[in-house]
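The values are calculated or read from the model by the stated rules, or taken from the named source; none is laboratory data. These numbers come from a predicted model, not from an experiment. In this analysis, Cβ positions are derived from the backbone assuming ideal geometry, glycine residues included, and neighbour counts consider all displayed protein chains.
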Amino acid sequence: MNAPAKAGLPALPLKDPKLFREQCYIDGEWVGAHGGKTFPVDNPATHLELTMIHEAMLLEYAGPDLALVEWASAVKELLYITLLIDLFMPTGIATLVAPVPLLVAAAAWAGKVLVFAVAITLVESTNAKLRLFRVPELVAVSLGLGFLALAIRFL
């Protein structure tokens, strides 16, 4: 049995087909990617795809450890959002260390984060829908360009 050939590369002859695995060895057993997610690894010299690697990081965690990884991801996103809103919308930042200005600043920060989170949600969901709605347009444009190429070729 041969390993599958990818991107025009020759197949590798294997005497033992059990040597070729597209899984990760985790906790004493071979496990596939969660949800089948993979990412390509390209050869930098030729820019051809060498192989696909499974995204198995989350498979290594469970229970409290997985919750900690997810929490760290959420905190990182919140920090990025905080940096963006404080750089581009600096209104509501406390200038005095007193209870009232700090409460106003906290309320302004929470409001800006909420508005930014809603905006991100709307943009991402709209873009996903727009990609589906644009398919007929792209097909029509490609058909028109094909007819134009034929007309130019035969004129």
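For the stretch 65-92, enumerate the residues that are of a type in the set (Phe, Trp, Tyr) and at pLDDT below 90. Listed by number, the list holds a single entry, Phe88.
Whenever a residue of the stretch 127-155 is in contact (Cβ under 8 Å) with a residue 24 or more places away in the chain and at negative phi, it has no partner that is surrounded by 10 or more Cβ atoms within 10 Å (Cβ to Cβ) and not acidic (Asp, Glu) lying with C-beta atoms less than 9 angstrom away and at least six residues away or across chains. For the stretch 96-110, the criterion of being more than 21 Å from Ala74 (Cβ to Cβ), assigned by TED's automatic domain parsing to the domain that holds Ala74, surrounded by 10 or more Cβ atoms within 10 Å (Cβ to Cβ) and modelled with pLDDT under 85 is met by no residue.
Only one of the numbered conditions (1) surrounded by fewer than 10 Cβ atoms within 10 Å (Cβ to Cβ); (2) of a type in the set (Val, Ile, Thr); (3) not in a loop (DSSP other than H, G, I, E, B) is violated by Thr91, and that is (3). Taking first residues from the stretch 97-119 that are free of Cβ contacts under 8 Å to residues at least 24 places away in the same chain and partners that are assigned to a helix (DSSP H, G or I) and surrounded by 12 or more Cβ atoms within 10 Å (Cβ to Cβ), the Cβ contacts under 9 Å between residues at least 6 apart in sequence or on separate chains come to Val115/Ile85.
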